[in-house]
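Participant: Just dropping this structure here.
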Amino acid sequence: MAQVAQGRERPAQRARTITAVAAAVALVTAVALWLLAGKRYGDAVDDLAPAPVGCDTTLAFEGTGTYTFFVETKGEVGAIDGDCGADERDYEYEGDALPRVSITLRDDRGDELDLDRVSEPTYDQGGSRGAAVRTARIEDAGDYTLVVDANVDDIVVRVGRDPGSGVTAMRVGAGLALLVALAAGLLAVLAGRRRPVTPAAPGQPTWQPTPGQRPPVAPPYAQVPPNPPYTWPPTGAAPQAPRPAPPPPLAGWGPGRGGPLPPPTVR
């Protein structure tokens, strides 16, 4: 009977193990997606190409599509070589609103591209803070010239893809994985609280009373043994009761010798 009890308990243990493993995998996935989303966002901000104020900066666009122009009011820029060189420096604009900035983008033929005004997205990552002001559609990869003019010097224009592209989807996936981890963990806890059902040993009642509860009472006729079976015809003769002795004869009525009794005399 012990082997039967263990056989019934193994599926419950297997279910608890599976749900616990699923919860752990989902939790690790959620943390990994969240960290990867943050790293991707930070790398995208660092990859934005700088263009200082008052310079004609040559930008090499490696791909086509929509590019965003940000006004970065806080950050740092390394040394820039070329006709409009700049030294490595840190900067931070103290104004309440964005400064007035003029941006012009020309292709290798000198034709000016159309720039659309925008007010988002923004970023604040790793000590850098910027806000989008223009977008441009690049049809052909190659070198372009960016001219930046502004009424202040403590800013830098950054150009590149939207840093938040793909990050939101990764963070949503991390949130869904976290919900799956919580649900699987809850199922594992509930499965662990269930008690295994042990079959009753032979000869023992399957009903076990709880504290304060009386056992069920059997009906009166439940303990009465059944009547013995009857067979027909009977296997032996039934005993007969003894016959009573005949009464003694009356006087004058006794039988005579050689003839019937005389009739009674009336006196």
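Participant: Stretch Asp124-Ala49 to full length: gain in nm at 0.36 nm per residue minus the Cα-Cα span?
Facilitator: On the way: separation 75, 0.36 × 75 = 27.00 nm, distance 1.62 nm.
Result: 25.4 nm gained on full extension.
Participant: Please work out the FRET efficiency for the pair Val28 and Leu190, using the Cβ-Cβ distance as r and a Förster radius of 25 Å; give the result to the nearest 0.05. Before the final figure, lay out the partial values.
Facilitator: Numbers: r = 22 Å, r/R0 = 0.88.
About 0.70, to the nearest 0.05.
Participant: Take Ala15 and Arg243, extend 7 Å from each Cα along the Cα→Cβ direction, and tell me the distance between the two endpoints in nm.
Facilitator: Here the answer is 8.5 nm between the modelled labels.
Participant: Here's something else I'd like to know. Express in nm, to one decimal, how much length is gained between Glu112 and Thr64 on full extension, taking 0.36 nm for each residue of separation and deducting their alpha carbon distance. Don't jump to the answer; show the numbers that get you there.
Facilitator: Working: separation 48, 0.36 × 48 = 17.28 nm, distance 1.65 nm.
Length gained between Glu112 and Thr64: 15.6 nm.
No value in this document is a laboratory result; all are computed from the given coordinates. All values reported here derive from a predicted model rather than from experimental measurement. Glycine gets a Cβ as well: all are built from the backbone with ideal geometry, and neighbour counts include every protein chain shown.
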